[in-house]
Amino acid sequence: MAKKKSNLAGALFTVLVIVIIAVLAAPFFINGILKVAIEKAGSKQLGVGVSVDKVNLNIASGTITISGLAIKNPRDYEYEHILKVGTIAVKADVKSLLSDTVEVNQVDLKDTAVVIEQKGLSSNLNDILKSMPKSKKETKPAAETKTGKNLHIASVDINSIAVTAKLLPIPGKSDSVTFNIKHLHFSDIGGAKKTTLADFTGKIFTEIAAAVATQGAGIIPADVLGSVNQSLESVNKAGEEILKTGQQAGEEIEKATESLKGLFKKKEK
């Protein structure tokens, strides 16, 4: 009898250790899924490599911190990246993480740097805008279309964007100029219309591109800005919400939220 009790106690201890390890490891697991989701969404939407150094999700406060976001330049450009963001702080409604629509209250981007490189009458910025997928008419009924998590973002602020424009070399003139965009703000993205993580990635990129085109007037050659503006019109012609792609990213977010559901169920017990 004593032996049976000993075996039972040992089994319970083993189960307890496994549960503790699972709880401690869960945040790292979820952070890894979110990191992959962001990289996939960005790469799919922009047509170039997107990488993230680290993602940290705090379930209790509903905050996500993304560190070291970097968007690669298209091929045949001198700089490795077109855009880098030091930190992205996201504040979301915790309960909405388990629903069909994730409510994001605030997104703040800090330490943002953009490099515009001219190539002929085009630029790296224009090349990415041209490669972004355009809106298409639905070919399937809405009920049959596979979708991921819907996002609604209440407010986005991008503070202090450092812009470097590398132009074609002209004798006697500098081939590089710099300027700063102090602040960008936009709000009420998604919700009524389906908006995915990929759509939001594209939205941030096009808002920054539009600000560069506006504030770069008189600094960046007019022919380069003209091609950028044409591409911006093409991307945005379907309306405020940019694109209707990003199902792969939605599936990755589904995996992350399924993991979150498991954690919440354990807490309820």
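Some notes on this structure:
- What the phi angles of region 78-89 give under the Karplus curve with 6.51, -1.76 and 1.60, with θ = phi - 60°, is a coupling list of 6, 6, 6, 10, 8, 8, 9, 10, x, 9, 10, 9 Hz, glycine and proline written as x.
- Think of region 56-103 as having a plus end and a minus end, set by charges on the Cβ of Lys, Arg, Asp and Glu; of 59, 97, 82, 59 sits farthest toward the positive end of this dipole.
- For residue 149, the residues whose amide H sits under 5 Å from its own are 254, ignoring neighbours fewer than 5 places away on the same chain, with H placed 1.01 Å from N.
- For residue 58 and residue 182, the FRET efficiency from 1/(1 + (r/R0)^6), where r spans their Cβ atoms and R0 equals 25 Å, is about 0.30.
Here, each number is a calculation from the coordinates, and none is a lab measurement. Given the structure is predicted, the values throughout are model-derived calculations rather than measurements. Heads up, the Cβs are rebuilt from the backbone with ideal geometry, glycines too, and the neighbour counts pull from every protein chain shown.
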